[in-house]
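Following: one structure in structure tokens, then a few remarks.
The values are calculated or read from the model by the stated rules, or taken from the named source; none is laboratory data. In this text, all values refer to a predicted model and were calculated from it rather than measured experimentally. Reconstructed Cβ throughout: ideal geometry from the backbone, glycine too, with neighbour counts over all protein chains shown. To get the accessible areas, we keep the full protein, side chains included, count just its heavy atoms, and leave off ligands, DNA and RNA. Shrake-Rupley method; radii C 1.70, N 1.55, O 1.52, S 1.80 Å.
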Amino acid sequence: MSWLKSMFRPIARSAQDLAPIILVIGVFQLVVLRQPIPEFGALLTGLALVILGLACFVRGLELGLFPLGESMAHAFARKGSLAWLVGFSFALGFGTTAAEPALIAIANEASEVAARAGAIADTELARGRYALGLRFTVALSVGTAIVIGVWRILTGWPIHAMIATGYLLVVVLTALAPPEIVGIAYDSGGVTTSTITVPLVTALGIGLASSIKGRNPVTDGFGLIAFASLTPILFVLLYGMLI
């Protein structure tokens, strides 16, 4: 019975988390629009799969990604090599972002829109190069962001001053960048912090702050995701200005 409880608990939590969304959609569909829910059976099946998938995903984070990220951070802190820590931080940020499904989707969509607008040639090769360039630009920016965040944990620099400076640069570059790239740049800052990047980066920050004397995991361990959301905006704005 214990294994059955351990399986049911995350499913129940996932259903509870999704309940507000289901309630909102149901109220607006039935009360405001006053229309029956289309394909109700298929909708219930899909909803059950979403709940099950979310439960498996969260459980996988608890069992795998969070412990892995924290243990690697502890190991690098004990090793005492700044070069290896910086290299690992950059590789982690770059690799997880390049593989981010949301980024792949928005890069492909951006290439299609750019081709239709005449910003690039309407060929498969040109669209592929544009999408790949955008993906690698964002991945490079997140790798850089994680390095900056790790350096902040090591040095104790104030995060509010760094974030404020970064967004001040965003405002300046927004005024200088082509209008066609501004929306893509801002969306790129959001899609990078998704299912793959967030768990590993968060675990890295908490593990590193826990391993360094004088650092508090609560005040110093968090904040890496903020940099990962900020730097893609800067890099994509620059990317649009350069191309």
Regarding the range 3-17, can at least one residue be identified that is of a type in the set (A, V, I, L, M), modelled with pLDDT under 70 and farther than 30 Å from I212 by Cβ? yes
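Looking only at the range 19-60, count every residue that is of a type in the set (A, V, I, L, M, F, W, C) and assigned to a loop (DSSP other than H, G, I, E, B) and tell me the total. Full working, then the answer.
First, pick out the residues of the range 19-60 that are of a type in the set (A, V, I, L, M, F, W, C): 19, 21-25, 27-28, 30-33, 37, 40, 42-44, 47-52, 54-58.
Checking the rest, the ones that are also assigned to a loop (DSSP other than H, G, I, E, B) come to 33, 37.
Total satisfying the criteria: 2.
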Quick check: is even one residue across the range 141-163 part of a helix (DSSP H, G or I), open to solvent by 40 Å² or more (accessible area, probe 1.4 Å) and more than 30 Å from E70 (Cα to Cα)? no
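Name the single residue, out of those in the range 164-173 being open to solvent by 40 Å² or more (accessible area, probe 1.4 Å) and either among the acidic types (D, E) or in contact (Cβ under 8 Å) with a residue 60 or more places away in the chain (or both), that is nearest to G221 (Cα to Cα). Write out each step before concluding.
Let us first name the residues in the range 164-173 that are open to solvent by 40 Å² or more (accessible area, probe 1.4 Å), namely 164-165, 167-169, 171-172.
This time we only want the ones that are either among the acidic types (D, E) or in contact (Cβ under 8 Å) with a residue 60 or more places away in the chain (or both), so: 167, 169.
On the way: Y167: 21, L169: 25 Å.
Of everything passing the filter in the range 164-173, Y167 is nearest to G221 (Cα to Cα).
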Is it fair to say S211 is open to solvent by less than 30 Å² (accessible area, probe 1.4 Å), touching a residue at least 12 places away in the same chain (Cβ under 8 Å) and hydroxyl-bearing (S, T, Y)? no
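Condition check: within 24 Å of G221 (Cβ to Cβ) and not in a loop (DSSP other than H, G, I, E, B). Does G183 satisfy that? Give the derivation first.
Working: within 24 Å of G221 (Cβ to Cβ): no; not in a loop (DSSP other than H, G, I, E, B): yes.
Here the answer is no, as G183 does not meet what is asked.
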Out of G143, G221, sole residue that is without any contact (Cβ under 8 Å) to a residue 60 or more places away in the chain and among the small types (G, A, S): G143
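Going by the conditions given, is E109 modelled with pLDDT of 80 or more, part of a helix (DSSP H, G or I), under 30 Å from L224 (Cβ atoms) and within 19 Å of the chain's Cα centre (by Cα)? Step through it out loud before you land on a result.
Numbers: modelled with pLDDT of 80 or more: yes; part of a helix (DSSP H, G or I): yes; under 30 Å from L224 (Cβ atoms): yes; within 19 Å of the chain's Cα centre (by Cα): yes.
So E109 passes the test.
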Flagged in the range 191-208 as touching a Ser or Thr at 6+ places or on another chain (Cβ under 7 Å), open to solvent by 10 Å² or more (accessible area, probe 1.4 Å) and assigned to a helix (DSSP H, G or I), in numbering order, are L200
